[in-house]
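Chemist: Starting off with a structure, shown below.
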Amino acid sequence: MCGRFTITKPEAIKAEFNLREEIDYPPRYNIAPSQTIPIIKQDDHGYYRPALVRWGLIPFWAKDEKIAYKMINARAETLAEKPGFREAYKKRRCLIPADGFFEWQRINGSKQPYYIRLKNKGLFTFAGLWEEWHGADGKTIQSATIITTTANRVIAKLHDRMPLIVDPTRRGTWLDLVSDPIHDLNFVKPGDPFKIVTYPVSRMVNNARLDAPGCIKKVG
């Protein structure tokens, strides 16, 4: 599962994806479900295009937007079969930039949050899906979900799932709608444990209203 993540240096996204547009997005240290996140799509000419959407997928057929709270993540193993995700998998894939995410470990009856980032403090690229939903009242919402896979041996100490991290060389594979990457074992394997750092952080991250550098500061 991925329930919180960070984008502490949003200016790095433009350079990472060679974007033509600027992304109007502030540094975020505690991004929570239902909040706005940047995603990267690919246009018909093969260029990366950014968009700001709500985190928590709302399928186009949903009667109510509240379904989004149950669809912040999608398991890679069942994407092609689940009604809420299979159409988006076929037609609306995206990349979700992040430079860290959180997971919780139960210790002595309480949950200790941990921050997970790359050793070089660079960007992750999560596999994602996006949708556009039209409500009966005329409201239109674009939304997205983060794909998860089995945890690598570092993350497995905290949780059995982790975001599906797309290697930079395979971003085009994920966005190519002709491809079927979730049935490629090499594609869905968990991220390299040797590139990842984890450490305990303050429980302030448990409060979605708190969004400050202290959320990612090592404690203990």
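Readers should treat all values here as calculations from the given coordinates under stated rules, not as data from a laboratory. These figures come from a predicted structure and were not determined experimentally. Please note: Cβ atoms are built from the backbone with ideal geometry, for glycine as well, and neighbour counts cover all protein chains shown.
Chemist: Net charge around Lys119, counting only other residues with Cβ within less than 15 Å of its Cβ (Lys, Arg = +1; Asp, Glu = -1)? Intermediate results must be reported in sequence, preceding the final value.
Modeler: On the way: positive: Arg117, Lys121, Lys195, Lys218; negative: Asp99, Asp192.
Residues near Lys119 contribute +2 overall.
Chemist: Based on the inverse mean of 1/r over its pairs of different Cα atoms, what is the Kirkwood hydrodynamic radius of the range 5-216, in Å?
Modeler: Radius from the Kirkwood sum: 17.6 Å.
Chemist: Please state the relative contact order of the range 5-216 as a whole percent: Cα pairs under 8 Å, 6+ residues apart? Don't skip to the end; give the middle numbers.
Modeler: Details: 439 pairs, mean separation 45.6, N = 212.
Worked out over the range 5-216, it gives 21 percent.
Chemist: Now for a different question. Let me check I've understood the local charge: for Thr148, count other residues with C-beta under 12 angstrom from its C-beta, Lys and Arg +1, Asp and Glu -1. What total comes out?
Modeler: Residues close to Thr148 contribute a combined charge of -1.
Chemist: Okay, moving on. Placing unit charges on C-beta atoms (Lys and Arg positive, Asp and Glu negative, everything else neutral), compute the dipole magnitude of the chain about its Cα centre in debye, rounded to 20.
Modeler: So the magnitude is around 880 debye.
Chemist: Shifting gears a bit: Would you please give the residues with an amide H less than 5 Å from that of Tyr199, counting only those at least 5 places away or on a separate chain, with H modeled from the backbone geometry?
Modeler: So Tyr199 has HN proximity to Tyr115.
Chemist: At most 14 other Cβ atoms within 10 Å and a DSSP loop assignment: could you name the trypsin sites (Lys or Arg not before Pro) in the range 16-105 that fit?
Modeler: Here the trypsin sites (Lys or Arg not before Pro) that fit, given the DSSP loop and packing criteria, are Arg20, Lys63.
Chemist: Something else about it: How many percent of the alpha carbon pairs in the range 34-123 exceed a separation of 22 Å?
Modeler: Tail of P(r) above 22 Å: 45 percent of Cα pairs.
Chemist: Stokes-Einstein at 10 °C, 1.306 mPa s, Kirkwood radius from Cα pairs: D for the range 58-167 in µm² s⁻¹?
Modeler: The estimated diffusion coefficient comes to 103 µm²/s.
Chemist: For the chain, give the share of DSSP beta bridges that are antiparallel, in percent and rounded to the nearest 5; count only bridges with both residues there.
Modeler: 90
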